[in-house]
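Let me begin by presenting the structure, written as structure tokens, before commenting on it.
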Amino acid sequence: GAGVSQTPSNKVTEKGKYVELRCDPISGHTALYWYRQSLGQGPEFLIYFQGTGAADDSGLPNDRFFAVRPEGSVSTLKIQRTERGDSAVYLCASSLSGSRGDTEAFFGQGTRLTVV
Amino acid sequence: AQTVTQSQPEMSVQEAETVTLSCTYDTSESDYYLFWYKQPPSRQMILVIRQEAYKQQNATENRFSVNFQKAAKSFSLKISDSQLGDAAMYFCAYRSGNTPLVFGKGTRLSVIA
């Protein structure tokens, strides 16, 4: 596609429920990143994929969070047993390569998750 | 760990005037990259300008320029001839090698007509 696409744009869920957030990166981009942005804060790193594998998942806050990228393109961020503190905007970004620091990362418009 | 600090939560500027947004960072690396991103209400982060640490010359992109002071670990963004469309959140970010971007907390810029 022309840009990074994230679905849904907004998601409201009840505490304790399971949610999946989808990211469709720019075609040909091997690197994919998930960030979480809480209100009034900058984006915080969650996980980075190079191809199909998670190259760095050090930002995942706990084992309720999990992400996959089975075919090296679309990625899904999965959150189990959601808590109100999980409410945030979840941003996805992709880049041609993750190995070069100057490679531009292109961001999607994010999914706003609200846990009630 | 690398950190990025933006000490100005909010700034305002008159249309057509110049404004400078501040950013400092902490790192022990010698080779890294610095970025300024703009985030309008649409939430999509847009790259404004980037600077390679090994380049002494300050980066410039049209009305946007940076003042990169490597020894002081300072990376400020100057917006000249401010326009209403410049109003947004601005985030300073750092990256070294293949590490993910590290962002500051952002500065909300308002442009007054």
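Laboratory data are not the source of any read-out in this text; all were calculated from the coordinates shown. Not measured: the values here are computed from a predicted model. Positions of Cβ are generated from backbone atoms using ideal geometry, with glycine treated the same way; all protein chains shown enter the neighbour counts.
Shielding of A:26-39 by partners, i.e. mean partner chain Cβ atoms within 10 Å per residue?
Details: counts 0, 0, 0, 0, 0, 2, 0, 2, 1, 4, 0, 7, 0, 0.
Mean partner shielding for this stretch: 1.
Over all directions, the average projected area of the alpha-carbon convex hull for the protein assembly as shown comes to how many nm²? Can you show the working numbers first?
Values: hull surface 49.7 nm².
Over every viewing direction, the Cα hull of the protein assembly as shown projects on average to 12.4 nm².
Which residue, B:VAL66, B:ILE49, B:ALA93, has the largest displacement toward the positive end of the dipole of the protein assembly as shown when charges sit on each Cβ (Lys, Arg +1; Asp, Glu -1)?
My answer, from the dipole projection, is B:ALA93.
Calculate the spin-label point distance for A:SER87 paired with A:VAL74, positioning each point 7 Å from the Cα along the beta-carbon direction, and give it in nanometres.
For the pair A:VAL74/A:SER87, the computed spacing is 2.9 nm.
Give me the Kirkwood hydrodynamic radius of chain A in Å, from all C-alpha pairs, to one decimal place?
Details: mean 1/r = 0.0712 Å⁻¹.
Here the Kirkwood hydrodynamic radius works out to 14.0 Å.
Taking 0.36 nm per residue of sequence separation and subtracting the Cα-Cα distance, how much length would be gained by fully extending the chain between B:THR5 and B:SER110, in nm to one decimal?
On the way: separation 105, 0.36 × 105 = 37.80 nm, distance 1.98 nm.
Full-extension gain reported as 35.8 nm.
Write down, largest first, the equivalent ellipsoid semi-axes of segment B:1-107 in whole Å, where each equals the square root of 5 times an eigenvalue of the alpha-carbon gyration tensor. Numbers along the way, then the final one.
Values: eigenvalues 101, 44, 29 Å².
The equivalent ellipsoid of segment B:1-107 has semi-axes of 23, 15, 12 Å.
Going down the table (B:LYS55/B:LYS105; A:LYS78/B:LYS38; A:LYS17/B:LYS105; B:LYS73/B:LYS105; A:LYS17/A:LYS78), which pairs top 20 Å between alpha carbons? If you can, show how the numbers build up before the last one.
Details: B:LYS55/B:LYS105 26 Å; A:LYS78/B:LYS38 27 Å; A:LYS17/B:LYS105 29 Å; B:LYS73/B:LYS105 17 Å; A:LYS17/A:LYS78 11 Å.
Cα-Cα > 20 Å for B:LYS55/B:LYS105; A:LYS78/B:LYS38; A:LYS17/B:LYS105; rest within.
Provide the packing ranking of A:55-63, A:18-26, B:77-85, i.e. peptides ordered by the mean count of other C-beta atoms within 10 Å per residue, highest first. All intermediate terms of the calculation are to be shown ahead of the outcome.
Values: A:55-63: 13.2, A:18-26: 18.8, B:77-85: 15.4.
So the peptides A:55-63, A:18-26, B:77-85, ranked by packing, come out A:18-26, B:77-85, A:55-63.
Within segment B:38-111, which chymotrypsin sites (Phe, Trp or Tyr not before Pro) sit in a loop by DSSP and count at most 12 neighbouring Cβ atoms inside 10 Å?
Details: sites: B:TYR54, B:PHE64, B:PHE68, B:PHE75, B:TYR90, B:PHE91, B:TYR94, B:PHE103; in loops: B:TYR54.
When the chymotrypsin sites (Phe, Trp or Tyr not before Pro) of segment B:38-111 are filtered for loop state and at most 12 Cβ neighbours within 10 Å, B:TYR54 remain.
What average number of partner chain Cβ atoms lie no more than 10 Å from the Cβ of the residues making up B:94-104? It would help to have the intermediate numbers written out before the result.
Numbers: counts 1, 5, 1, 4, 11, 5, 17, 11, 4, 7, 3.
Across the residues of B:94-104, the mean count of other-chain Cβ atoms within 10 Å is 6.
Within chain B, what's the longest run with no GluC sites (Glu not before Pro) in a DSSP loop and at most 15 other beta-carbon atoms within 10 Å? Give the range, please. If you can, show how the numbers build up before the last one.
Numbers: sites that count: B:GLU15, B:GLU17, B:GLU29.
Between the exposed loop sites, the longest stretch runs B:30-113.
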